[in-house]
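Since the structure comes first, as structure tokens, the remarks are kept for the end.
The values are calculated or read from the model by the stated rules, or taken from the named source; none is laboratory data. Note that the structure is a prediction, hence the values are computed from the model and not measured. Heads up, the Cβs are rebuilt from the backbone with ideal geometry, glycines too, and the neighbour counts pull from every protein chain shown. Areas reflect the complete protein model, heavy atoms only, side chains present, ligands, DNA and RNA absent. Shrake-Rupley method; radii C 1.70, N 1.55, O 1.52, S 1.80 Å.
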Amino acid sequence: MKEQLLKEFAELFGDGGEILSYFSPGRVNLIGGHTDYTGGHVFPCALTIGTYAAVRERHDRKLRFYSKNVSNMGIVESDLDHLVFTPSSGFANYLCGVIWSFTKKGYTISHGMDLMVAGNVPSGAGLSSSASLEMVMCLILKEMYHFSDLSLSDLALIAQSAENSYCGIHCGIMDPFAIAMAKQDHAIFLDTSNLSYEYAPLHLANEKLIIAHSNKKRHISDSKYNERRRECDMALANLQKLTTISSLAELTMDAFEMVKSAIQNPICVKRARHAVSENQRTIQAVEALKAHNLVRFGQLMNESHLSLREDYEVTGPELDTLAEAAWEHPGVLGARMTGAGFGGCTVNLVKNTEVDSFIEQVGAKYKKAIGYAADFYVVTPGSGVCRC
Ligand code: GLA
């Protein structure tokens, strides 16, 4: 992929000068869905698929971006003096957003660049193809301008602010953090209230992680995502009249039951119950993993999906069909939706010996119920964004 990209870069933008290449992975969240904006825990790992980038600094202030994934867009041009979110610029908004975010933080970006990207993470699938693009730009700028004061977690915060303030999606820190910090064969247990984290080894001896992609793009998810976030904020504001908490994740389930009557809107009670229970499940799941109790880990994944379906209402028929078909399969320890929801993927923990039969049976049930096929990927946890 890298050699091909460098060759095509030279063909499109001309050769000469120093052309550098980078890789930034996608990510899958094993448990801790929609908890990263209510101060909760998440447990993602990076994938070995992601975004490759080839880049060369320019002498002027022009930005020229080309994505092999949307070659019909041609070269998307912009410049450092006109960084404004433009819907028709598609993928380039994530790249421009990061540059904008660096400058907002006081870092001077003086020269433009030519950049070509090629990704093998399906877009709109809940596997963070956008954060993967943002993080590659973060690392490019850090290295191009020798911003040695910026750590990888600082870069993740810059990527998050690009997504929040430039692209208008009020997402949490999980995706860029996972992509920045990932370590091969490990998942990251991250406390999003203070960014403290711990690597947990994922040496699965007898099981495989399988991602099932519903092939339903999550078009409505951006507006619904921001709506869920507002509902959680409203629940928190109501609870703060009665308690001293600064985030929903500070509550245990028992404490939540005692104070939930302070939340005025019944929908917000459900949203908050998910935020509290999912955070507790995530903590318990990591304990189970450390105790090598994958059966318990799987049960918690299943409970997570149910909570995302019933209380958070972010699943939909495609993800529910995939999860339910997985639960019916004897080789499955756990299955849940991953990412923002409303389409995209499920993540499944499946016994080694049952992988083929899982793909066959879940695939057939899905196609029968939904009318088109799902795709399946057996994945291993990869490492974070890097020069390659
Ligand atoms: C999206 C967001 C993340 C997180 C997940 C849900 O991927 O970008 O911040 O909220 O949804 O867990």
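With (1) away from the ligand (no atom under 16 Å from the Cβ); (2) farther than 17 Å from Leu294 by Cβ; (3) in a helix (DSSP H, G or I) as the list, and Phe376 as the residue in question, which single condition is left unmet? The number of the failed condition is (3). Among the residues of region 134-154, those identified as farther than 15 Å from Arg387 by Cα and assigned to a helix (DSSP H, G or I) are Ser153, Asp154. Is it the case that region 48-70 has a residue that's within 16 Å of the ligand (Cβ to nearest atom), within 30 Å of Leu300 (Cβ to Cβ), surrounded by 24 or more Cβ atoms within 10 Å (Cβ to Cβ) and not acidic (Asp, Glu)? Looking through region 48-70, at least one residue is within 16 Å of the ligand (Cβ to nearest atom), within 30 Å of Leu300 (Cβ to Cβ), surrounded by 24 or more Cβ atoms within 10 Å (Cβ to Cβ) and not acidic (Asp, Glu).
Do any strands (runs of 3 or more DSSP E) lying entirely in region 173-245 carry at least 3 residues that are loosely packed, with under 15 Cβ neighbours inside 10 Å, and which ones are they? If you could, list the steps in order and put the result at the bottom.
Values: elements: 186-191, 196-201, 207-213.
Correct list: 196-201.
Scanning region 312-345 for residues that are open to solvent by 20 Å² or more (accessible area, probe 1.4 Å) and not small (Gly, Ala, Ser) yields Glu313, Pro317, Glu318, Asp320, Thr321, Glu324, Trp327, Glu328, Pro330, Val332, Leu333, Phe342.
Residues considered: Phe43, Phe65. Of these, the only one that is of a type outside the set (Gly, Ala, Ser) and farther than 23 Å from His213 by Cβ is Phe65. Checking region 150-157 against the condition returns no match, with no residue being near the ligand (Cβ under 10 Å from one of its atoms), closer than 15 Å to Leu133 by Cα and of a type in the set (A, V, I, L, M). Only one entry in Gly26, Gly33 is under 14 Å from Ser132 (Cα atoms), modelled with pLDDT of 95 or more, within 16 Å of the ligand (Cβ to nearest atom) and small (Gly, Ala, Ser), namely Gly26.
If I go through region 99-133 residue by residue, how many of them are in a loop (DSSP other than H, G, I, E, B) and either in contact with a strand residue (DSSP E or B) (Cβ under 8 Å, 6 or more places away or on another chain) or aliphatic (A, V, I, L, M) (or both)? Steps first, please.
Within region 99-133, the first condition is being in a loop (DSSP other than H, G, I, E, B), and the residues that meet it are 105-112, 120-128.
If we keep only those that are either in contact with a strand residue (DSSP E or B) (Cβ under 8 Å, 6 or more places away or on another chain) or aliphatic (A, V, I, L, M) (or both) as well, we get 109, 111-112, 120-122, 125-128.
Adding up the residues that qualify gives 10.
Screening Pro176 against (1) over 20 Å from Ile267 (Cβ atoms); (2) more than 11 Å from the ligand (Cβ to nearest atom) leaves a single unmet condition, (2).
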